[in-house]
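What follows is one structure encoded as C-alpha cells, with my remarks underneath.
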Amino acid sequence: MPELNGIRASDLWGVPFDGESTLGWPGSRYAPERVRQRAGWINMRIKDGRIYQLETDTIHEVGEGLLVDRGDVAVSRDTVATFAATSAAVASSLRAGRCPIMIGGDDSLLFPIARGVHDTLPGRIGIVHFDAHLDLLDESPGQGRLSQSSGMRRALELDRIAPTDCIQLCERHFNFPASGAFKQQHGLVHLSAREVLRLGGAAAVEHALHHTRAADHLFLSFDIDSIDPAFAPGAGAHEPGGITSAQALEMVELLAPHCDAMAITEVNPTVDLGDMTSTLAAYLAFTFALAARRPVARNGAAR
C-alpha cells in the first residue's frame with residue numbers, strides 16, 4: 001500500500017447509522033460525534049507534530065495528518081443506500097493510500113466496510129473480527145438479511161473473503177445453533193473470550209496473525225461488546241466475561257501494522273457511563289492510527 005512521506009496515514013469516518021439494531025439497544029448513531037469529542041483529550045497532546053507514548057517511552061513523529069477526520073458518511077433510512085455510501089468512503093481512503101477507520105453505528109456495517117476493502121484491494125481479504133457474537137445469522141423474519149446479526153455472514157459471501165482467511169475473537173456464551181453449524185461446516189475459527197483471557201493479548205494476536213497469514217490484506221472489525229461491560233458499559237448489548245480495556249488496546253496496537261482498515265461499532269452513548277466507552281473508542285482509534293503508520297509486508301507482498 002502507498003505511504004505518505006514514509007508513513008501510512010489514516011482517515012476517520014463516522015457512520016451514524018443504527019437502522020439495523022434489531023436486537024439490543026439502538027443509539028449507536030450518536031457514537032461518531034461523541035467519540036470525536038472524547039478524542040480531543042488525546043489530540044490536545046500533539047505538539048509540533050509529535051506525541052509521547054508512555055508505554056514505550058517514545059516520542060512519535062506524527063505530523064499534522066496522522067488521523068484526518070473526513071466527517072460522516074451520508075446515511076439514511078435506506079439500509080442499502082447507506083451501505084453503498086459506507087463502502088464508497090472506505091474505497092476512497094484506500095485508493096488515496098490511506099487507512100480508513102470507521103466509527104459506527106451498529107455492527108451491520110461490518111459488511112459494507114468489508115465490501116469496500118474487498119472491492120478496492122487485490123488478492124485474498126481476511127477479517128479479524130472482535131465481537132461477543134458470531135454475526136453469522138443468514139436471515140430471519142424479525143431481522144431480515146442485513147441486520148447487526150448478519151454482517152459477518154454477508155461479508156463471507158464476497159468472492160475473495162474466505163472463512164479460512166478469517167478469525168473471530170472474544171465471542172462468548174450462547175448463540176444460534178445455525179450459526180454454530182455454519183462456522184463448523186465452513187472452517188471459520190474463533191478464539192472465545194475465555195481462550196483469549198487464558199492466552200493473553202499478545203499470544204492471541206500471534207495466533208490470529210498466523211491463522212490469517214495467507215490473506216493479502218486484513219480488515220480489523222472491532223465490536224465494542226468484545227470488551228467486558230465493566231470496562232465498556234456503553235454498548236449495544238452486554239455479555240459478561242469479555243476482555244479488559246487494557247487488553248483491547250494492546251491487541252489493537254499489535255494488529256494495526258498488519259491491517260488496511262478498521263471499524264469500531266456498537267458504541268452506544270445513550271447507555272454509557274460518564275463517556276467511558278466513547279473515550280475508550282477514541283483511544284482504540286488513535287492507537288490503531290499510530291501503530292498502523294508502519295505497515296508490514298503480508299504474504300510476501302510489499303506494502
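The values are calculated or read from the model by the stated rules, or taken from the named source; none is laboratory data. Everything numeric here is computed off the predicted structure, so don't read it as measured data. Glycine also receives a Cβ, built like all others from the backbone with ideal geometry; neighbour counts cover every protein chain displayed. Accessible surface areas use protein heavy atoms only, side chains included; no ligands, DNA or RNA. Shrake-Rupley method; radii C 1.70, N 1.55, O 1.52, S 1.80 Å.
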task: Determine which single condition ILE224 fails, assuming it passes every other condition in (1) over 25 Å from PHE83 (Cα atoms); (2) of a type in the set (A, V, I, L, M); (3) out of contact with any Cys (no Cβ under 9 Å at 6 or more places or on another chain).
output: (1)
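Taking the condition of being open to solvent by less than 50 Å² (accessible area, probe 1.4 Å) and farther than 22 Å from ASN268 by Cβ, how many residues in the range 85-99 meet it?
Within the range 85-99, residues that are open to solvent by less than 50 Å² (accessible area, probe 1.4 Å) and farther than 22 Å from ASN268 by Cβ number 8.
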- prompt: Of PRO295, PRO240, PRO269, which residue is farther than 22 Å from PRO112 by Cα, open to solvent by less than 40 Å² (accessible area, probe 1.4 Å) and modelled with pLDDT of 95 or more?
  reply: PRO269
task: Among the candidates GLY126, GLY144, GLY104, GLY180, single out the residue that is at pLDDT 95 or above, more than 20 Å from ILE227 (Cβ to Cβ) and not basic (Lys, Arg).
output: GLY126
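One line per residue, one yes/no per condition, for (1) of a type in the set (Gly, Ala, Ser); (2) within 15 Å of ASP11 (Cβ to Cβ):
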{"position": "VAL62", "(1), (2)": "no, yes"}
{"position": "LEU67", "(1), (2)": "no, yes"}
{"position": "ARG70", "(1), (2)": "no, yes"}
{"position": "ASP78", "(1), (2)": "no, no"}
{"position": "THR82", "(1), (2)": "no, no"}
{"position": "ALA88", "(1), (2)": "yes, yes"}
{"position": "SER92", "(1), (2)": "yes, yes"}
{"position": "PRO100", "(1), (2)": "no, yes"}
{"position": "GLY105", "(1), (2)": "yes, no"}
message: Going through ASP216, ASP228 one at a time, which residue ends up being more than 18 Å from ILE103 (Cβ to Cβ), modelled with pLDDT of 95 or more, charged (D, E, K, R) and touching a Lys or Arg at 6+ places or on another chain (Cβ under 6 Å)?
response: ASP216
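Considering only residues that are closer than 21 Å to ARG29 by Cβ, open to solvent by less than 10 Å² (accessible area, probe 1.4 Å) and not charged (D, E, K, R), which ones fall in the range 107-129?
SER108, LEU109, LEU110, PRO112, ILE113, ALA114, GLY116 - these are the residues of the range 107-129 that are closer than 21 Å to ARG29 by Cβ, open to solvent by less than 10 Å² (accessible area, probe 1.4 Å) and not charged (D, E, K, R).
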Of the criteria (1) among the hydroxyl-bearing types (Ser, Thr, Tyr); (2) out of contact with any strand residue (DSSP E or B) (no Cβ under 9 Å at 6 or more places or on another chain); (3) surrounded by fewer than 16 Cβ atoms within 10 Å (Cβ to Cβ), which one THR164 fails: (2)
task: Hey, could you check the range 56-84 for residues that are hydroxyl-bearing (Ser, Thr, Tyr) and open to solvent by 40 Å² or more (accessible area, probe 1.4 Å) and say which is farthest from ARG45 (Cα to Cα)?
output: SER76
message: For the condition under 19 Å from LEU110 (Cα atoms), in contact (Cβ under 8 Å) with a residue 60 or more places away in the chain, of a type outside the set (Asp, Glu) and surrounded by 17 or more Cβ atoms within 10 Å (Cβ to Cβ), what is the one hit in LEU137, LEU218, LEU156, LEU188?
response: LEU218
task: Report yes if some residue within the range 227-237 is open to solvent by less than 20 Å² (accessible area, probe 1.4 Å), under 24 Å from TYR30 (Cβ atoms) and within 12 Å of the chain's Cα centre (by Cα); otherwise report no.
output: no
Within the range 1-33, considering residues that are over 30 Å from LEU121 (Cβ atoms) and modelled with pLDDT of 90 or more, the one surrounded by the fewest Cβ atoms within 10 Å (Cβ to Cβ): PRO26
query: Considering SER21, SER93, SER76, which residue is touching a residue at least 12 places away in the same chain (Cβ under 8 Å), of a type outside the set (Lys, Arg) and in contact with a Phe, Trp or Tyr (Cβ under 9 Å, 6 or more places away or on another chain)?
result: SER93
Sole residue being farther than 24 Å from GLY234 by Cα and of a type outside the set (Gly, Ala, Ser), chosen from LEU54, LEU109: LEU54
query: Of the residues in the range 34-55, how many are open to solvent by less than 100 Å² (accessible area, probe 1.4 Å) and at positive phi?
result: 1
